Structure formats: C-alpha cells, structure tokens
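What follows is a single structure, written as structure tokens, with notes after it.
The values are calculated or read from the model by the stated rules, or taken from the named source; none is laboratory data. Treat the numbers as computed from the prediction; the structure is a model and nothing was measured. Heads up, the Cβs are rebuilt from the backbone with ideal geometry, glycines too, and the neighbour counts pull from every protein chain shown.
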Amino acid sequence: MKKIEAIIRKTVLNTVQEELKLIGIEFFTYWEVKGVGIAKEEYWFRGTKYNPSSIERLMISIVVRDVNLQKTVDCILKHAHTGEIGDGKIFVSTIDDSYRIRTGERGNESLYIHDLDK
C-alpha cells in the first residue's frame, strides 16, 4: 500500500476529485495548507503583481493499493497542472498496514472498492 500526499492549488480540487472518481478513487482527505518555497515573493504576470506564496493550496492524502499507485499519481499530475509556479508537489510513501474500523478488514481489503485491482 502507498500513501500519496499532494499539495495542489485550491482552484483545481474539483477537477482532480472528479477525475480521481473516474479511475475509482472515491475517498481522500484534504485540508488547507500554507508553505514557502524558493520562488520570488512577487513578480508581474500579464500586468498584475503576483505573489506565489499567497496561492491557496490544499494537501490531499490518499492511501491506495500498490497496483493503483501510478494511475492515481498520473491523474493528479495531469489534472492539477497549470504550468505556473505553485502547481504543487506529490509525495509517495509506504504504508505498512491499514484497518477498516467498521468491519475490521485489514490491509488491501480495507481500501476502497474491492474490484479496482482487476
């Protein structure tokens, strides 16, 4: 199992959510985040002063079976991309185990819909 944490623009959340649903990822958590990077504090873009550190961003967190990792990452990469500074980052880490509290299912069986691996 893998945990995907992605920092994305708030403005792309609905698109990312809909596209994840199309590939079978129907549950994830998200929250508002702030951070700093190496980008200049301000620059001009199309006649407007722009501060990339003030972009509203969200962190989304998804745990997937190993077999669903790449299609999930590819989906986020494609649909969160704007080509501008501040598009975000994706982090992938290993999850040792998981449990569904309601049923007691463990491991891969505790994640999402059972037929995604097919």
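Key figures for this structure:
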quantity	calculated
Hits in the stretch 81-107 - residues which are farther than 19 Å from VAL36 by Cα and either crowded, with 17+ Cβ neighbours inside 10 Å or in contact with a Phe, Trp or Tyr (Cβ under 8 Å, 6 or more places away or on another chain) (or both)	GLU105, ARG106
Residue, surrounded by the most Cβ atoms within 10 Å (Cβ to Cβ), within the stretch 39-76, restricted to residues that are at pLDDT below 90 and in a strand (DSSP E or B)	TYR50
Qualifying residues in the stretch 1-38 (those that are surrounded by 13 or more Cβ atoms within 10 Å (Cβ to Cβ) and small (Gly, Ala, Ser)) - the one modelled with the highest pLDDT	ALA6
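Yes or no, residue by residue, for (1) in a strand (DSSP E or B); (2) at pLDDT 95 or above:
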position	(1), (2)
LYS78	no, yes
THR82	no, no
GLY86	no, no
PHE91	yes, yes
ASP96	no, yes
ARG102	no, no
ASN108	no, no
LEU116	no, no
